[in-house]
Amino acid sequence: MHEFKYKKNKFYCEDVALEKLAGEFKTPLYVYSHKTIVDHFNKIKRAFSEFKPLICYSVKSNANLNILRILVKEGAGLDVVSGGELYKSLKAGVKPSKIVYASVGKTDEEIQEALKAGILFFNVESVPELENINRIAKKLKKKANAAIRINPDVDPETHEYITTSKKENKFGIDLKAAGEIFSSMDKYECLNLNGIHLHIGSQITKAKPYKDALKKIIGFIKANKINLDYINLGGGLGIVYDNEKPQTAESFAKAIAPLLRKINARLILEPGRFIMGNSGVLAAKVIYVKDAPTKTFVITDTAMNDLMRPSLYRAFHAIVPLRKKSRLYFKKPVDIVGPVCETGDFLGKSRKFHKVEGGDFLVVLGAGAYGFSMSSNYNARPRAAEVLVKGNKYYLIRKRETYQDLIATDLKVKGI
Ligand SMILES: *Cc1c(COP(=O)(O)O)cnc(C)c1O
């Protein structure tokens, strides 16, 4: 977060004032700090250096090609969850042998594309999927690496929508069924069952759930006498949005290192939020300030279609003015909302907020992960532009969508 801060009452990303960017590129505008992206990636890399891990950045957290390129240049592999992400990853220039692919619903086409590309391995989430990958690999005369995604039935103590490791979740395979898969692996003639994958959830702030899961995995490996090439711990490392006290990458690594040493396999990590969450912010412009009986509504040009996390998870994002004009605060609690026709359209609720007026700019912090990548065209709103700041330079890395873009794929059909 250090690269996003006030200098003399003006909010900066690295050495560029956000007001300048908001003026030049308009709002809603995503702004990312190059330095923060690289720093966060290297924090994890350093913390786990003993294990020489392959760090596969989770593409779904922010899939802009330029961001993928920055991380690939730093040595990252990529973690994909769809054919589209595989396509973007290859376009970003990552070596296919550094791509891992997870998803509960990989289609035949997606499996074929991944096999042809020559990815490192599939993270497999069910027996039918395993059989399907084996069948398609045979047809293509290829041998595929597969890591079994284990659902360890541990509680990652995070929001229920981003919990992926309890037995009632759709992800992964329970230990008993996984044991049966490994003991019958000979029947998958075109697969190397040589890895185990865990991804227990997201925004996890403590090491304990990972330790619980790893202990179960170690017991499982011993009991089933399995030889592994890869142990993939997934992502999920939590960050500060509000007043969380997440573990640092270093303390996390320290806490789980003794367990990792018991597993003789190459370590893979799949961080997304940890790298991108606090590497990006979302600038918005105030349209109106509306005084209602119990609340004040600050209505901005930025809405749930631009940043869905508050609506989807009731996630908290700190919001601050781009310029601190005065020390005055609104008297009533403030809801910061967008123009979309949904009561769930808000960026922040019941905040004590600096007095602002129409035309002022705000900035939503911690919006770099699951921000733009979850955005949509709901209410026929063109999606935001994205800018990358590097020192005192800045680059438009995605142009704002236009009204023409909104109709580009709607077909004009005669006779209806
Ligand atoms: C989403 C996802 C990640 C990244 O999770 P973060 O919480 O952003 O680190 C990693 N691996 C898999 C399989 C995922 O689905």
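Any idea which residue in the stretch 42-59 is surrounded by the fewest Cβ atoms within 10 Å (Cβ to Cβ), counting only those that are closer than 18 Å to Lys95 by Cα and under 18 Å from the mean Cα position of the chain (by Cα)? Top of the filtered list is Leu54. Among the candidates Gly391, Gly366, Gly359, the residue that is in contact with a helix residue (DSSP H, G or I) (Cβ under 6 Å, 6 or more places away or on another chain) and either surrounded by fewer than 22 Cβ atoms within 10 Å (Cβ to Cβ) or not aromatic (Phe, Trp, Tyr) (or both) is uniquely Gly366.
Can we say Ala265 is surrounded by 15 or more Cβ atoms within 10 Å (Cβ to Cβ), farther than 23 Å from Ala147 by Cα and at pLDDT 95 or above? Walk me through it before giving the result.
Working: surrounded by 15 or more Cβ atoms within 10 Å (Cβ to Cβ): yes; farther than 23 Å from Ala147 by Cα: no; at pLDDT 95 or above: yes.
For Ala265, the condition - surrounded by 15 or more Cβ atoms within 10 Å (Cβ to Cβ), farther than 23 Å from Ala147 by Cα and at pLDDT 95 or above - is not met.
Within the stretch 11-38, being away from the ligand (no atom under 16 Å from the Cβ) and closer than 19 Å to Gly75 by Cβ holds for His34, Lys35, Val38.
Residues that are farther than 14 Å from Leu29 by Cα, at least 2 per element: which strands (runs of 3 or more DSSP E) completely within the stretch 324-416 meet that?
Result: 334-337, 346-351.
Only one of these is within 16 Å of the ligand (Cβ to nearest atom) and buried (at least 19 other Cβ atoms within 10 Å of the Cβ): Met374, Met308. Name it. After ruling out the rest, the residue left standing is Met308.
Screening Ala253 on (1) closer than 29 Å to Ile67 by Cα; (2) away from the ligand (no atom under 16 Å from the Cβ); (3) of a type in the set (A, V, I, L, M) shows it passes everything except condition (2). When we screen Lys245, Lys211, Lys187 for residues that are over 20 Å from the mean Cα position of the chain (by Cα) and farther than 29 Å from Asn132 by Cα, the only hit is Lys211. Scanning the stretch 57-86 for residues that are within 13 Å of the ligand (Cβ to nearest atom), touching a strand residue (DSSP E or B) at 6+ places or on another chain (Cβ under 8 Å) and either within 15 Å of Leu396 (Cα to Cα) or hydroxyl-bearing (Ser, Thr, Tyr) (or both) yields Tyr57, Ser58.
Evaluating Tyr101 against the criteria (1) of a type in the set (Phe, Trp, Tyr); (2) within 16 Å of the ligand (Cβ to nearest atom); (3) in contact (Cβ under 8 Å) with a residue 24 or more places away in the chain leaves one unmet condition, (3). Applying the selection to the stretch 311-331, what residues are surrounded by fewer than 16 Cβ atoms within 10 Å (Cβ to Cβ) and of a type outside the set (A, V, I, L, M, F, W, C)? Passing the criteria: Arg314, Lys324, Lys325, Ser326, Arg327, Tyr329, Lys331.
Residues in the stretch 289-314 that are assigned to a strand (DSSP E or B) and either charged (D, E, K, R) or modelled with pLDDT under 95 (or both) were compared, and the one that is nearest to Pro339 (Cα to Cα) is Lys290. The lone criterion from (1) closer than 30 Å to Ala384 by Cβ; (2) within 16 Å of the ligand (Cβ to nearest atom); (3) polar (S, T, N, Q) left unmet by Thr302 is number (2). Listed by first and then second residue, the pairs with beta-carbon distance under 8 Å, at least 6 apart or on different chains, first residue in the stretch 193-206 and more than 7 Å from Asn232 (Cα to Cα), second surrounded by fewer than 24 Cβ atoms within 10 Å (Cβ to Cβ) and among the charged types (D, E, K, R), are Asn194/Asp229; Gly195/Asp229; Ile204/Glu157; Thr205/Glu157; Thr205/Glu244; Thr205/Lys245; Lys206/Glu157.
Looking only at residues that are in a helix (DSSP H, G or I) and of a type in the set (A, V, I, L, M) in the stretch 18-32, which one is surrounded by the most Cβ atoms within 10 Å (Cβ to Cβ)? Working first, answer last.
So in the stretch 18-32, the residues in a helix (DSSP H, G or I) come out as 18-25.
Narrowing the set further to residues that are of a type in the set (A, V, I, L, M) leaves 18, 21-22.
Details: Leu18: 24, Leu21: 22, Ala22: 22.
Selected residue: Leu18.
For the stretch 243-288, what are the residues that are in a strand (DSSP E or B) and aromatic (Phe, Trp, Tyr)? Tyr288, the sole residue that qualifies.
The values are calculated or read from the model by the stated rules, or taken from the named source; none is laboratory data. Because the structure is predicted, anything quoted here is derived from the model rather than measured. Using ideal geometry, Cβ is built from the backbone for each residue, glycine included, and neighbour counts are taken over all protein chains shown.
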